[in-house]
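First the structure, in the form of structure tokens, and then the observations on it.
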Amino acid sequence: MPTVRAEKLYKVFGRRAQEAVRRLENGTPRDELDGATAAVVDASFEVRDGEIFVVMGLSGSGKSTLVRMLNGLLPATAGRVLVDGRDLTALSKSDVRQLRSRRMSMVFQHFALFPHRSVLENTAYGLRVQGVARDERTQRAEEALRLVGLDGWGDRLPGQLSGGMRQRVGLARALAADTDILLMDEAFSALDPLIRKEMQDQLLQLQADLGKTIVFITHDLNEAMRLGDRIAMMRDGRIVQLGSADEILSSPADDHIARFVQDVDRSRVLTAASVMRPPGKTLAASSGPRASIHTMRKLEVTEMFAIDPDGGLVGIVTMADAVSAAARGANTITSAVSDGFVAVAPDSLVSELFGPSTGDRPIAVVDDRRRLLGVVTPAAILGGLAHTKEVTTDA
Ligand SMILES: Nc1ncnc2c1ncn2[C@@H]1O[C@H](COP(=O)(O)OP(=O)(O)O)[C@@H](O)[C@H]1O
Ligand SMILES: [Mg+2]
């Protein structure tokens with residue numbers, strides 16, 4: 001069961017909101033609704049347990065409105081939000097409040113720390129409101145501070161902390177609440193780039209360690225691509241594409257998105273699986289050297305991968321090695337097989353495929369049972385890094 005699910009969600013601010021929803025459903029453009037602002041239009045998606053779900057869009061695209069409906073802070077104009085299968089829109093206010101405090105914590109871009117209270121007290125604040133006893137509060141807040149790298153800072157006052165550290169206190173406060181779901185609205189947007197990168201790394205680490213479900217809002221495409229298992233691209237209140245970074249780069253839903261993503265450093269997003277080409281013909285490791293030479297001549301190649309009967313990759317055979325195996329009178333090419341290639345997993349990033357150890361050796365993409373899934377060539381990389389869709393400029 002998905003953790004959080006949105007079904008045809010709408011939020012319209014202003015006059016005659018319900019009527020505006022009906023008009024939107026009937027195809028009226030958003031900017032023709034006089035007197036009403038459609039902040040979120042027909043949003044449907046589910047957040048999977050344990051993923052980082054990014055909502056990405058420019059300022060004003062409806063991200064904050066959407067996330068505030070997810071935790072029930074803002075009632076939807078139409079549609080439903082389900083948390084653990086429970087329909088928020090049908091619960092009483094106090095039930096929503098309770099569900100929210102048990103299941104979700106929120107981290108904002110600008111959140112208020114109490115200036116005269118210690119970092120520890122600030123971190124434990126939510127727990128105090130929940131009526132958690134002092135000892136447990138302290139213990140959980142200390143643990144949360146440790147998780148965000150603020151071990152030993154609990155006694156300080158917020159004024160003694162840098163901006164980045166204060167933002168960590170916000171994250172610690174959310175972690176101390178120990179909810180499974182974190183909602184982060186532009187939580188890193190006010191930080192300078194270096195600190196921001198550090199916070200992103202830390203969030204990825206926390207995610208790996210704690211397995212939280214995170215809805216992360218950002219207007220920064222690179223941040224979205226770095227963090228998101230999946231990304232919902234929002235424009236004018238609508239989700240215009242939902243997919244992994246890789247999917248969005250390789251097949252943008254429309255020209256807007258294609259233009260928008262064209263400056264992203266693809267090598268840090270695209271995976272070996274998305275740029276590999278099919279393995280093509282392989283040799284059975286049990287083939288004879290002469291048959292292998294014949295095959296290579298026919299295919300006009302100078303080396304081929306050799307496979308065992310289970311389909312596992314044994315190694316690579318070059319024409320020269322096959323020729324000397326034939327001269328030795330070897331029965332099979334098994335003795336001619338070498339490891340002159342690099343094997344990588346399908347989810348390896350393209351930026352990690354080439355390095356001093358790779359040189360110009362062929363790259364084999366193998367699964368965890370070492371079956372050959374595909375081959376990465378420099379040409380495939382260049383093809384993958386180039387814009388995959390013709391971008392039209394209608395400016
Ligand atoms: N309380 C409100 N009343 C009226 N309009 C609002 C309100 N909150 C947001 N909006 C409008 O809804 C749209 C989406 O806003 P918001 O969700 O804050 O976008 P984002 O977080 O992507 O910047 C904007 O046009 C904004 O002006
Ligand atoms: Mg916002």
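The values are calculated or read from the model by the stated rules, or taken from the named source; none is laboratory data. Only a predicted model underlies this, so the values are computations on that prediction, with no experimental measurement involved. Here the Cβ is made from the backbone with ideal geometry for all residues, glycine too, and neighbour counts use every protein chain on show. Please note that ligands, DNA and RNA were not included when accessible areas were found on the heavy atoms of the full protein model with its side chains. Shrake-Rupley method; radii C 1.70, N 1.55, O 1.52, S 1.80 Å.
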Identify the residue in segment 185-231 that is open to solvent by 30 Å² or more (accessible area, probe 1.4 Å) and within 16 Å of ligand 1 (Cβ to nearest atom) and, among all such residues, is nearest to L145 (Cα to Cα).
-> A190
Can you find a residue in segment 262-270 that is touching a His at 6+ places or on another chain (Cβ under 7 Å) and touching a residue at least 60 places away in the same chain (Cβ under 8 Å)?
-> yes
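Determine whether segment 268-285 contains at least one residue that is at positive phi and either surrounded by fewer than 14 Cβ atoms within 10 Å (Cβ to Cβ) or in a helix (DSSP H, G or I) (or both).
Scanning segment 268-285, I find at least one residue that is at positive phi and either surrounded by fewer than 14 Cβ atoms within 10 Å (Cβ to Cβ) or in a helix (DSSP H, G or I) (or both), so the answer is yes.
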T334 passes all but one of (1) open to solvent by less than 70 Å² (accessible area, probe 1.4 Å); (2) free of Cβ contacts under 8 Å to residues at least 60 places away in the same chain; which number fails?
-> (1)
Being assigned to a helix (DSSP H, G or I) and either out of contact with any Cys (no Cβ under 9 Å at 6 or more places or on another chain) or over 30 Å from R268 (Cα atoms) (or both) narrows it down to one of A327, A343, so name that one.
-> A327
Could you list all residues from segment 123-159 that are on the phi > 0 side of the Ramachandran plot and touching a helix residue (DSSP H, G or I) at 6+ places or on another chain (Cβ under 7 Å)?
-> G149
State whether the residues of segment 131-154 include one that is open to solvent by 60 Å² or more (accessible area, probe 1.4 Å) and closer than 30 Å to G62 by Cβ.
-> no
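Evaluate the following for L127: is it farther than 30 Å from F13 by Cα and touching a residue at least 24 places away in the same chain (Cβ under 8 Å)?
Yes: the conditions hold for L127.
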Which residues, counting only those in segment 232-257, are in a loop (DSSP other than H, G, I, E, B) and open to solvent by 50 Å² or more (accessible area, probe 1.4 Å)?
-> D236, S251, A253
Considering segment 62-104 alone, what residues qualify as being among the hydrophobic types (A, V, I, L, M, F, W, C) and more than 14 Å from ligand 1 (Cβ to nearest atom)?
-> A78, V81, L82, V83, L88, A90, L91, V96, L99, M104
Close pairs from segment 89-105: first assigned by TED's automatic domain parsing to the domain that holds D185, partner surrounded by 13 or more Cβ atoms within 10 Å (Cβ to Cβ) and assigned to a helix (DSSP H, G or I), Cβ under 7 Å, at least 6 apart | L91/L99; V96/L88; S105/A174
Being open to solvent by 60 Å² or more (accessible area, probe 1.4 Å) and charged (D, E, K, R), is that true of even one residue in segment 103-113?
-> no
Scope segment 168-202; condition assigned to a helix (DSSP H, G or I) and without any contact (Cβ under 8 Å) to a residue 40 or more places away in the chain; matching residues = R168, P193, L194, I195, R196, K197, E198, M199, Q200, D201
Can you pull out the residues in segment 17-61 that are more than 16 Å from ligand 1 (Cβ to nearest atom), open to solvent by less than 80 Å² (accessible area, probe 1.4 Å), touching a residue at least 24 places away in the same chain (Cβ under 8 Å) and in a loop (DSSP other than H, G, I, E, B)?
-> G50, E51
